[in-house]
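**Student:** Starting off with a structure, shown below.
The values are calculated or read from the model by the stated rules, or taken from the named source; none is laboratory data. Note that this is a predicted model, so its numbers are computed, not measured. Using ideal geometry, Cβ is built from the backbone for each residue, glycine included, and neighbour counts are taken over all protein chains shown.
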Amino acid sequence: MKVLGLVVEYNPFHNGHFYHLSHSKEIVNPDVTVAVMSGNFVQRGEPAIVEKFARAKAALEQGVDLVLELPVVYSLQDAGGFATGSIWTLDHVGVTDVVFGSETDDIDLMKAVSKVLIKEPEHYQDLLKKHLKTGHSFPNARKYALRDFIHTENAALSHRIEEIGSSNNILGVEYLRAIQEIKSKMIPHSMRRVGASYTDEEHRGEFSSATAIRRLIQNGNIESASQTMPKESLDIILREIRCGRGPVFKEDVESFFISFFRLLSREDYCRYYGFVEGLDARFQECSIEGSLEGFLHCVKSKRFTLSRIRRLMYYPIFRFTDDLIRRSNELGPQYIRILGFNEKGRTYLSNIKHSTNIPIIATASLWRKVVDKSLKDEMKIDVDLLEAQLKRDFTAVRFYSSLYKYPESRARGSDLLSQIVYHRQER
């Protein structure tokens, strides 16, 4: 049986995503398609434009059979942690093939790089330290170290390492690394992504970036946005807006963060993962800025990228400690959380539920009963880690819903009240 796996955010689902989904199915010819999707907060360190169940519905409308949630402890990590959680989740549900988009579309190059990252030879580590000492950010220092190291191993590839610096290529390398590290039998495939760069804010017609589409919606330019995504996807977003559950943008958290950061001391920051090399001091000192944009540019340096800073902003809120991140990346997700399925996806879940070695959570309010049953079935789970991961998902929903425009929408912002999406396919 062929099971296609996709790692997605669908923020929002647009024509480029439909192209990726359609061509992935052509590559694999799957019996069922599974997507693991970031919840209400995405890897760039921002809230999603609409909540996770609405985005899951958009995925099901376009041909995904089963949508699972990537726990927030992974969705707000760097590329390595994001990939670890995603690949582990797909592996737990029996995915046979994963297809990801990349700018280079050269899986051999990415495999060569991923092998270096797994083995971390001593010479590579020395090169990495050398480039870090010059003040480069970690992504750039790693890119230069890889270039120098691979030049000694395969000069023909070394001149192409610059290609790895683009976002989707970095993720592709990390997916390959994760597949090897967890010893998954999953077969990776790469396909060239189409359309504008994901950071491009300009409207480029049919294949505009998600960033540009969010900006169009924020500015009320629904007609232009309609050119960039399937009708069903836009309809779902408009429905969420009418119901007061969106759209949510990074600007909506500005006043919260400025006030919140001013309440924290350096000792507070040091309790959480990632506040190293003086970042605790920079966060505290820059909290005097009057705007979030001012704060970000105050903290940013050659060493610390904006994306890293944006993600770190959420770590004190969700209490991402060193221990939580370390154990999550060592042991993987401790549960499978269902966001939605069609009949094919539901049948597939029913067929595999006895072969998975971590619990499957469909109804959030019943999670304790699911865990108790899993322990009786002698599943190898870390209950403390499961509870820590899941409760942070619940916190993410409460925080996200506090950003809604209308009080009546904010009042019901609990993950325990949610229901999975069932998409009834037309016959």
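**Student:** Can we say Glu285 is more than 27 Å from Lys133 (Cα to Cα) and either more than 19 Å from the chain's Cα centre (by Cα) or part of a helix (DSSP H, G or I) (or both)?
**Tutor:** On the way: more than 27 Å from Lys133 (Cα to Cα): no; either more than 19 Å from the chain's Cα centre (by Cα) or part of a helix (DSSP H, G or I) (or both): yes.
No, not satisfied.
**Student:** Kindly check whether there is at least one residue in the stretch 378-388 that is closer than 30 Å to Ser255 by Cβ and either at pLDDT 95 or above or crowded, with 17+ Cβ neighbours inside 10 Å (or both).
**Tutor:** Yes: the stretch 378-388 contains one or more residues that are closer than 30 Å to Ser255 by Cβ and either at pLDDT 95 or above or crowded, with 17+ Cβ neighbours inside 10 Å (or both).
**Student:** Now for a different question. So how many residues does the stretch 247-256 have that are closer than 11 Å to Gln218 by Cβ and touching a helix residue (DSSP H, G or I) at 6+ places or on another chain (Cβ under 6 Å)?
**Tutor:** Qualifying residue count for the region: 2.
**Student:** Considering every residue within the stretch 49-67, establish whether at least one is within 11 Å of the chain's Cα centre (by Cα), of a type in the set (Phe, Trp, Tyr) and closer than 16 Å to Asn11 by Cβ.
**Tutor:** No, that holds for no residue.
**Student:** Residue by residue through the stretch 389-427, note down the ones that are surrounded by fewer than 13 Cβ atoms within 10 Å (Cβ to Cβ) and in contact with an Asp or Glu (Cβ under 9 Å, 6 or more places away or on another chain).
**Tutor:** Arg424, Gln425
**Student:** Determine which single condition Ala145 fails, assuming it passes every other condition in (1) crowded, with 19+ Cβ neighbours inside 10 Å; (2) farther than 21 Å from Phe13 by Cβ; (3) assigned by TED's automatic domain parsing to the domain that holds Val173; (4) over 17 Å from the mean Cα position of the chain (by Cα).
**Tutor:** (3)
**Student:** I've got another one for you. When you go through Ser307, Ser355, Ser350 one by one, which is the residue that is farther than 17 Å from Ala396 by Cα, under 17 Å from the mean Cα position of the chain (by Cα) and hydroxyl-bearing (Ser, Thr, Tyr)?
**Tutor:** Ser307
**Student:** Return the pair list, or none, for Cβ contacts closer than 7 Å from residues in the stretch 104-129 that are without any contact (Cβ under 8 Å) to a residue 24 or more places away in the chain to residues that are small (Gly, Ala, Ser), at least 6 apart or on different chains.
**Tutor:** Matching pairs, first to second residue: Leu127/Ala145; Leu128/Ala141; Leu128/Ala145.
Every residue, every condition in (1) under 25 Å from the mean Cα position of the chain (by Cα); (2) not basic (Lys, Arg); (3) not in a helix (DSSP H, G or I), yes or no:
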position	(1), (2), (3)
Glu378	no, yes, yes
Asp384	yes, yes, no
Ala388	yes, yes, no
Thr395	yes, yes, no
Tyr400	yes, yes, no
Tyr404	yes, yes, yes
Tyr422	yes, yes, yes
Gln425	no, yes, yes
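**Student:** Another question, if that's okay. Looking at the stretch 326-336, which of the residues that are farther than 16 Å from Lys183 by Cα and touching a helix residue (DSSP H, G or I) at 6+ places or on another chain (Cβ under 7 Å) is surrounded by the fewest Cβ atoms within 10 Å (Cβ to Cβ)?
**Tutor:** Applying the filter and picking the extreme gives Arg327.
**Student:** Still on this structure: All but one of (1) farther than 30 Å from Glu251 by Cβ; (2) not in a loop (DSSP other than H, G, I, E, B) hold for Glu408; which doesn't?
**Tutor:** Result: Glu408 fails condition (1) only.
**Student:** Another question, then. Keeping to the stretch 53-73, report how many residues are touching a Ser or Thr at 6+ places or on another chain (Cβ under 7 Å) and surrounded by 24 or more Cβ atoms within 10 Å (Cβ to Cβ).
**Tutor:** The total comes to 6.
**Student:** Here is a further query. When you go through (1) assigned to a helix (DSSP H, G or I); (2) modelled with pLDDT of 90 or more one by one for Glu254, which number turns out not to apply?
**Tutor:** (2)
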